[in-house]
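Notes follow once the structure below has been shown.
Nothing in this text is a laboratory measurement; each read-out follows from the coordinates by a stated rule. All figures in this text were calculated on a predicted structure; none of them were measured in a lab. Don't worry about glycine lacking a Cβ; one is built from the backbone with ideal geometry, like all the others, and counts go over all protein chains shown.
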Amino acid sequence: MGRRSVASISRPEYERLLAILRQAREDGGLSQGEAARRLGIPQPRLSAIELGTRRIDLLEFLDLTRVLGVRASALIEEMDEATKPPDRH
């Protein structure tokens, strides 16, 4: 049998993504309430996303990066670097 995959929401890499998004919001001086207002969603939904109890999809990710004033590609690159396995050479 093949290896069972772990849901992405439970992986440490997903927690890292949420931490990067939360830090970008805080660095931009936005409260959860203000960011949620700009996204057009209730603040508890943004809180659930940041806590990892609600998965963020690609379109929400793009909307959130725009509200935060950061490039989605820059966050993806940061995630890629932060989650690379160690070089074994």
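Along each of its three principal axes, how wide is the spread of alpha-carbon positions in the stretch 37-89, in whole angstrom units, largest first?
Per principal axis, max minus min of the Cα coordinates gives 48, 23, 14 Å.
Run through the stretch 22-83 and list the trypsin sites (Lys or Arg not before Pro) located in a DSSP loop whose Cβ has at most 13 other Cβ atoms within 10 Å.
ARG55, ARG71
Provide, as a two-decimal number, the C-alpha radius of gyration of the chain over 2.2 N^0.38 Å, N being how many residues it has. Walk me through the numbers on the way to the answer.
Numbers: Rg = 14.4 Å, N = 89, 2.2 N^0.38 = 12.1 Å.
Ratio of Rg to 2.2 N^0.38 Å for the chain: 1.19.
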